[in-house]
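Colleague: I have a structure I would like to understand better, so I am pasting it below and will then ask my questions one at a time.
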Amino acid sequence: MKSGTWLGTGIGATLRYCAAKITALVPYGSAAGAFKGLVLALGAVTFLSSGAVAAPIRLVALGDSLTAGLGLPRSDSFAAKLEAALKAKGLNVTVINAGVSGDTTAAGLARLDWSVPRDADAVIVELGANDMLRGLSPDIARRNLTEILTRLKARRIPVLLAGMRAAPNLGADYARAFDAIYPDLAAQFSVPLYPFFLEGVAGDRALNQKDGIHPTAEGVDRIVAGILPAAEALVREVAASKGAASRGQ
C-alpha cells in the first residue's frame, strides 16, 4: 500500500474513532470529554500529515532505451528492477523511468527540465550509447553531458553517472576519446561514476535480445546487480541529507 493511501486511511480512521467518542460523550453533558476528543483528533491529523510517514526518495533514471526497457515488459525494465532491489535493501524509494528509446545526449538534454521534475531527489544519468552507435563526435556527447550535469548541479540534485564504452569497430581513436568522457566528467563534477552500464552484459548473447544490443530480463538483472551498490549509496546519502534537514527545522 502506498504511504499516501496509508496516511489518508490513518487520518480517516482516527477521526472516525474520535467522532464516535465525542458523540458518545456529548449526550451525557461531558463537554470536557468532547473537547479532549476534538484535541485528540486534531493532534492525530497534525502528526500524521507532518511527515511522520516519510515520503519515498524519488530517484529519476534519465536515459535511453537501455533505461526504458525496450522489448521488455515494464516490470522487467531497469527502473522497475532497480526499485525492487533498493526496496529489498530496506530503502523507501521510487525509481522513475525517464528513459526514451533512441535518445542521444542532445535529446536527453532537450527534455531534461521536464524529465527530471522539481521534486526529484536524485538522478542516474545513462546517456551516450546512441551518440556512439551513430558515430557522432565524442565532443558532442561530452558537451551535452556537461550541460546536463551543470544544470543538475545548479538544482542541487545528486547524480550517479553511468558510463558507456565505444564499440570496438569504431576504432581506437574514437574509443579513446569517447570512453574518457565519463571518468573526466565524474571527476569534474565530483559525482560518483558507474564506469560501464552494460558491464557483464555487452557481447553476451545469452543476456541480450536478438538485436544483440538490448538486454533481456536476465541481462537487466545483471545490470542492476552491478550498479546496485552505487545506487544504494546515492539513495542512502539523499535519505541522510533529508533527515538532517528535517531535524534542523
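Throughout, read-outs are computed from the coordinates displayed, never taken from laboratory work. Since we're looking at a predicted model, the values are computed, not measured.
Colleague: What does the C-alpha gyration tensor say about the overall shape of the range 182-241? Classify as rounded when a/c is under 1.5, otherwise prolate if a/b is larger than b/c, or oblate.
Modeller: It comes out oblate by the Cα gyration axes.
Colleague: With the cut-off at 1.5 for a/c, could you classify the range 139-180 from its C-alpha gyration tensor as rounded, prolate or oblate?
Modeller: Prolate shape, in that a/c is at least 1.5 and a/b is the bigger ratio.
Colleague: Name the shape class, rounded, prolate or oblate, that the alpha-carbon gyration tensor gives for the range 57-244, where a ≥ b ≥ c are the square roots of its eigenvalues, rounded holds for a/c under 1.5, and otherwise prolate holds if a/b is larger than b/c and oblate otherwise.
Modeller: Oblate is the answer for the range 57-244, as a/c is 1.5 or above yet b/c matches or exceeds a/b.
Colleague: Check cross-link reach from LYS153 to the aspartates and glutamates: straight Cα distance under 14 Å, and skip same-chain residues fewer than eight apart.
Modeller: Hits, sequence-local ones excluded: ASP113, ASP121.
Colleague: Can you list the HN-Hα couplings for the range 198-210, worked out from phi with the Karplus curve (6.51, -1.76, 1.60; θ = phi - 60°), rounded to whole Hz and with x for Gly and Pro?
Modeller: Values, residue by residue: 9, 3, x, 10, 4, x, 9, 4, 5, 10, 10, 5, 4 Hz.
Colleague: Take the cross-link list LYS81/LYS242; LYS87/LYS242; LYS87/LYS210 and give me the ones stretching past 27 Å between alpha-carbons.
Modeller: LYS87/LYS210
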